[in-house]
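Colleague: Pasting a structure here, questions to come.
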Amino acid sequence: MREASWVRIATLAELPEDDVLAVGVDGLEVALYQVAGEVFATDNRCTHGDARLSDGFLMDYCIECPLHQGQFDVRTGEALCAPVTMPIRTYGVRMDGGDILIDISI
Ligand code: FES
């Protein structure tokens, strides 16, 4: 069983409700989302092309890529509609007081 590797990535105060925030950590580009009081984390790069999901549009649990409007579920990383077919990586999220931690282990 792999061991979790938790890193502090942002504070909840930095992440508005129903919004997305770009964060860099350990060479990774991560997008953080807050939806219905829950925090989710995914890779920030679209799997279809050179676009940052944090520049896209968040609707409930769905992030829409700004370049060709492909959509992903921020909870699972699942690709939801064309032209995206490959999922995005998701990260485990844990709260520690007002801090957001993600699991960057592979
Ligand atoms: S780059 Fe994201 S849908 Fe094409």
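Colleague: Round to a whole number: what % of the accessible area of the chain belongs to carbon and sulfur, probe 1.4 Å?
Modeller: Its accessible area is 49 percent carbon and sulfur atoms.
Colleague: Still on this structure, please answer the following. Counting only GluC sites (Glu not before Pro) that are in a DSSP loop and have at most 12 other C-beta atoms within 10 Å, tell me the longest site-free stretch of the chain.
Modeller: 18-106
Colleague: What are the residues whose amide H is under 5 Å from the amide H of Ala10, where those residues sit 5 or more places off or on another chain and H is modelled from the backbone?
Modeller: The list, which skips near neighbours in sequence, is Ile100.
Colleague: At 7 Å along Cα-to-Cβ for each site, give me the label-to-label distance between Met86 and Gln69 in nm.
Modeller: 2.4 nm
Colleague: How big is the dipole moment of the chain about its Cα centre under a simple scheme where the beta carbon of each Lys and Arg is +1, that of each Asp and Glu is -1, and everything else is neutral? Debye, nearest 20, please.
Modeller: 300 debye
Colleague: Using θ = phi - 60° and the Karplus curve 6.51 cos²θ - 1.76 cosθ + 1.60, what whole-Hz ³J(HN,Hα) does each residue of the stretch 20-36 get, with Gly and Pro shown as x?
Modeller: Running phi through 6.51 cos²θ - 1.76 cosθ + 1.60 with θ = phi - 60° gives 10, 10, 8, 9, x, 8, 6, x, 9, 9, 10, 10, 9, 10, 10, 10, 6 Hz.
Colleague: Could you provide, to the nearest whole Å², the per residue accessible area of the chain with probe 1.4 Å?
Modeller: That works out to 54 Å² per residue.
Colleague: While we're here: For the stretch 70-78, in order, what is each residue's ³J(HN,Hα) by Karplus, 6.51 cos²θ - 1.76 cosθ + 1.60 with θ = phi - 60°, in whole Hz (x at glycine and Pro)?
Modeller: x, 10, 10, 7, 6, 7, 10, x, 4
Colleague: If R₀ is 22 angstrom, what is the calculated FRET efficiency for the pair Ala13 and Asp55, using the beta carbon separation as r and rounding to 0.05?
Modeller: Working from the Cβ atoms, E equals 0.50.
The values are calculated or read from the model by the stated rules, or taken from the named source; none is laboratory data. What you see is a predicted model, and the numbers here were worked out from it, not measured in a lab. Neighbour counts run over all protein chains shown; Cβ positions are idealised from the backbone, glycine included. Accessible surface areas use protein heavy atoms only, side chains included; no ligands, DNA or RNA. Shrake-Rupley method; radii C 1.70, N 1.55, O 1.52, S 1.80 Å.
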